[in-house]
Amino acid sequence: MQLISYLRENPKVLYWICAILVLPALFINLGLTAIWMDEPTRALVAMEMMLSDNYVTPTLMGEYYYNKPPLYNWMLIGLMNLFGENNEFIIRIPAALFLIVYGVTIFLTIRKYLNWKIGFMTALMLITCGRMLIFASYIGHIDIFYSWLTYMSFIAIYEFYQREQYLLLFVVSYFLAALGFMCKALPSIVFQGGALLAFFIYNKDFKRLFSWQHIVGGSLFLVIVGIYFYVYNQYNGLDVYFQTLWFESSRRTPIEKSFLESIGHLFSFPFETIYHLLPWTLFVVFCFRKGFFKNLFANSFLKFCVWIFLANVLVYWASPDTRPRYLFMLYPFMFCVLAYAYESSLEDRKKWVNIFYYVTGGLAVVLGLGVWVVPFVEVLQSLDLLYLKVALVSLLILSAAYLLFRMKEHRFVLLAICLLGIRFGYDFFVFPHRQMTGTFDGWKQNALDIAEMTEGQELYVYPTFEFNQELIYYITREREEILRGKEELLPDAFYLCTDTILQSMPHEVYYDFIERRYMTHVSLVKFTGLENKDQ
């Protein structure tokens, strides 16, 4: 076929197509479903900063919020002001945008130290691995932005050491670590310390850790972080802040978990990692061949990747409550080694390479055909241009799968295109299905109803009510005022309460619903008979 001949003569066209497809894949319907998980926490803190006109001391429902410093919230505030909007799309822009920035950064750095193809593969492996493609990339978490900062601090250590520019090594890496601290606090100290310690030990240059350049870099970190805490202390004390930051960093470690949980995690962690990062973690089979590790450690950058990954992953391997998103800054180093293993195995491991692509290509064909069941899903039948969307997703996956079997020399990028086709399927069908069935949006409507009913009137949350922050976010956004907890019962004020509170107190119910997170019955009420009581 002329197309195949053209692509063989101009193989970079496939890579450009793949790179271009990443943009719409990550942004289509990004803001369609209601926020969930940790998204409302980030959004609420940013929103309350704007409502209170206090950008130094974060709050949550009007109470001081100590879990994380506010750099990420400042970025959200900037986006909200830039677009003049406060909605799901704005909250999720940083995740999608910085994933692209992260991918470009990975490509540019690894291209410099190895070659463009391994750089492209590594970036694409991060973007299209299962955990990222169909989960993390459309959730407005802090972790992708934070991981990009941390990855750059690691690269700065390697880059400036190669140039023998030791002052820049410490200044740049500690500056980036300080920005990371302003996002997630103590983990940045662990990453910076682990990276520097491992790097100078394996380079047999341990004395560099005691150099004046290190003192300058560390001092810069302390100045940046110290300025924030000094300003913060003008508004609120630091004792609880420091205690909370320590608790947040230690609560997922063996210190706070049982012995059995810790031991179980030691065994399950590698398999969970392989599962979350499929299909690319299957490339690990290409590492087990004669001479691989000798060649791997003969390359300075690949050796750096191994040491940085091992030096930092061990902390999380030993932490029972570790989640994949905590390690996004380490995955590029692992993927780089796997990409190198794959590229260097194309000749002597053809059997395993073929098995991998026959299996994954076959699954892609099944998915490309299987997407045609979508028009038979009753909920989705009202979607605009339904058959056109199904045809586009099917055509993209099947075309890439066909070329995958015909163009063996470019199968990696073609499989990545198949994976992006799956993400388009999520964009076009899964997100609308969640919205239409109220998977996440049912309680959003509850919040909008409450905000409308209480407009212009006092509204509080009775403190013992186990609330979910998704509900609080939407009420706060619509009312444009901070929703606080309050023990004092005021006449004519609305309260959100649970049934257990209402059983012993006279009240009038205006609205009730089942709260999603804790599955409790919640009511919007006014307490009666309060006018003559001394509160």
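The values are calculated or read from the model by the stated rules, or taken from the named source; none is laboratory data. Just so you know, these numbers come straight off a predicted model, no measurement behind them. Heads up, the Cβs are rebuilt from the backbone with ideal geometry, glycines too, and the neighbour counts pull from every protein chain shown. Calculation scope for accessible area: heavy atoms of the full protein, side chains included, ligands and nucleic acids excluded. Shrake-Rupley method; radii C 1.70, N 1.55, O 1.52, S 1.80 Å.
Per-structure values
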quantity: One residue from 364, 339 being modelled with pLDDT of 90 or more, in a helix (DSSP H, G or I) and touching a Cys at 6+ places or on another chain (Cβ under 9 Å); calculated: 364
quantity: Options 315, 284: the member that is β-branched (Val, Ile, Thr), under 26 Å from the mean Cα position of the chain (by Cα) and farther than 27 Å from residue 104 by Cβ; calculated: 315
quantity: Selected residue [modelled with pLDDT under 95 and assigned to a helix (DSSP H, G or I)] from 66, 72, 15; calculated: 15
quantity: Top-ranked residue of the range 492-519 - restricted to ones that are open to solvent by less than 50 Å² (accessible area, probe 1.4 Å) and outside any strand (DSSP E or B), ranked as modelled with the highest pLDDT; calculated: 493
quantity: Matching residues, the range 189-225, being open to solvent by 30 Å² or more (accessible area, probe 1.4 Å) and either among the basic types (Lys, Arg) or within 29 Å of the chain's Cα centre (by Cα) (or both); calculated: 189, 190, 193, 197, 204, 207, 208, 220, 222, 223, 224
quantity: Subset tally (residues that are more than 30 Å from the chain's Cα centre (by Cα) and modelled with pLDDT under 90) for the range 443-484; calculated: 3
quantity: Residue 195, sole failed condition from (1) touching a residue at least 40 places away in the same chain (Cβ under 8 Å); (2) part of a helix (DSSP H, G or I); (3) closer than 23 Å to residue 67 by Cβ; calculated: (3)
quantity: Residues of the range 494-528 satisfying the condition of being without any contact (Cβ under 8 Å) to a residue 40 or more places away in the chain and out of contact with any strand residue (DSSP E or B) (no Cβ under 9 Å at 6 or more places or on another chain); calculated: 503, 504, 519
quantity: Sole exception among (1) out of contact with any Leu (no Cβ under 6 Å at 6 or more places or on another chain); (2) open to solvent by less than 10 Å² (accessible area, probe 1.4 Å); (3) in a helix (DSSP H, G or I) for residue 137, by number; calculated: (1)
quantity: Among the candidates 346, 404, 420, residue that is touching a Gly at 6+ places or on another chain (Cβ under 9 Å) and within 25 Å of residue 8 (Cβ to Cβ); calculated: 404
quantity: Criterion: in a helix (DSSP H, G or I) and open to solvent by 10 Å² or more (accessible area, probe 1.4 Å) - qualifying residue of 99, 108; calculated: 108
quantity: Residue list for the range 228-256, filter: closer than 28 Å to residue 200 by Cβ and at pLDDT 90 or above; calculated: none
quantity: Subset of the range 390-429 [over 18 Å from residue 23 (Cα atoms), open to solvent by 10 Å² or more (accessible area, probe 1.4 Å) and of a type in the set (A, V, I, L, M)]; calculated: 391, 395, 398, 403
quantity: In the range 2-25, the residues that are of a type outside the set (Gly, Ala, Ser) and either surrounded by 15 or more Cβ atoms within 10 Å (Cβ to Cβ) or in contact (Cβ under 8 Å) with a residue 40 or more places away in the chain (or both); calculated: 4, 7, 8, 11, 14, 15, 17, 18, 21, 22, 23, 24
quantity: Search result, residues across the range 26-63 that are over 30 Å from residue 432 (Cβ atoms), open to solvent by 30 Å² or more (accessible area, probe 1.4 Å) and outside any loop (DSSP other than H, G, I, E, B); calculated: 50, 51, 52, 63
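Yes/no per residue for (1) in a helix (DSSP H, G or I); (2) exposed (fewer than 14 other Cβ atoms within 10 Å of the Cβ):
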site	(1), (2)
282	yes, no
297	yes, yes
303	yes, no
311	yes, no
316	yes, no
320	no, no
